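Structure first, commentary second.
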Amino acid sequence: INNGLNPELVLDGSLSAQKVRIGIGANLVPDPFWESGFDMWRPLDNSSAITIRERANALSAATCPSTRVVRYSSSTAMGVSMFTHTEVHTSEPGGIPVVAGEKYKVSFDYCRGNAGTTSNLNVSIYYYTQTGTAVSDTPISINLSTATEGVWTNASGEVTVPAAAIKMRAYILGVNHIGTVEFCNLAIMKMVDGSLVVNGSITANELAANSI
């Protein structure tokens, strides 16, 4: 809820929801539109196959859902990947602060290029402990060989932070990538558990008309 209700008018504990996104501008991915190029990202495997493209030069530009996209393109099978960072990646290892047990929704938009594109496009979350030990989870895995060519599609998944983790980073990997795929709008949103809102579950002394 972003400035939607006056807390003085709503009774304590009178609102509930199964999943609630919290915060204004709650996407935790730094520079999700690549306004600073790859400064806040770290191209890792086969970085020469990774480019940033403006919407006008993107696949299916008329329906592209972002001002800027990243393209993975290769004529031979290879792993193509990059990490997100919280600062310029050359100066620190980066990572979004987390607490064990927290839940996050991960989402992005992708578009398959030519018919010869045959790989899995994975969005994984790497969690790091105080000692640097890492474990990962993959909430999104797209089989590009069966994806519709030239159609921008949204995909999402949820993750739960494991025990001892203190930070996380997103990792976008094209597995044995051949062909062209573009993606954009990577988002990591913190979520809060609660009860489902049902008829009669919201009570208050005063509510403005159409406020809920």
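The values are calculated or read from the model by the stated rules, or taken from the named source; none is laboratory data. Computed from a prediction, not measured in an experiment: that's the story for all the values here. Don't worry about glycine lacking a Cβ; one is built from the backbone with ideal geometry, like all the others, and counts go over all protein chains shown. In case anyone asks, the SASA skips ligands and DNA or RNA and just uses the protein heavy atoms, side chains included. Shrake-Rupley method; radii C 1.70, N 1.55, O 1.52, S 1.80 Å.
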Cβ-Cβ under 7 Å, sequence separation 6+ or interchain: first residue in segment 120-139 and among the hydroxyl-bearing types (Ser, Thr, Tyr), partner open to solvent by 20 Å² or more (accessible area, probe 1.4 Å) and not in a strand (DSSP E or B). Which pairs? 127/162; 128/166; 129/164; 129/166
If we ask which residues in segment 27-67 are loosely packed, with under 14 Cβ neighbours inside 10 Å and modelled with pLDDT under 95, their number turns out to be 5
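Condition first: assigned to a strand (DSSP E or B), under 23 Å from residue 78 (Cβ atoms), of a type outside the set (Gly, Ala, Ser) and open to solvent by less than 60 Å² (accessible area, probe 1.4 Å). Now tell me which residues in segment 144-159 satisfy that. Break it down into steps so the answer makes sense when it comes.
Step one: filter segment 144-159 for residues assigned to a strand (DSSP E or B), giving 149, 153-159.
Among the residues that remain, those that are also under 23 Å from residue 78 (Cβ atoms) are: 149, 155.
The next check asks that each one be of a type outside the set (Gly, Ala, Ser); those that pass are 149.
Result: no residue meets the conditions.
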Mind counting the residues in segment 176-197 that are at pLDDT 95 or above and open to solvent by 20 Å² or more (accessible area, probe 1.4 Å)? 1
Scanning segment 110-143 residue by residue, those open to solvent by 20 Å² or more (accessible area, probe 1.4 Å), under 23 Å from residue 32 (Cβ atoms) and not aliphatic (A, V, I, L, M) turn out to be 110, 112, 120, 122, 126, 128, 136, 137, 138, 139, 141
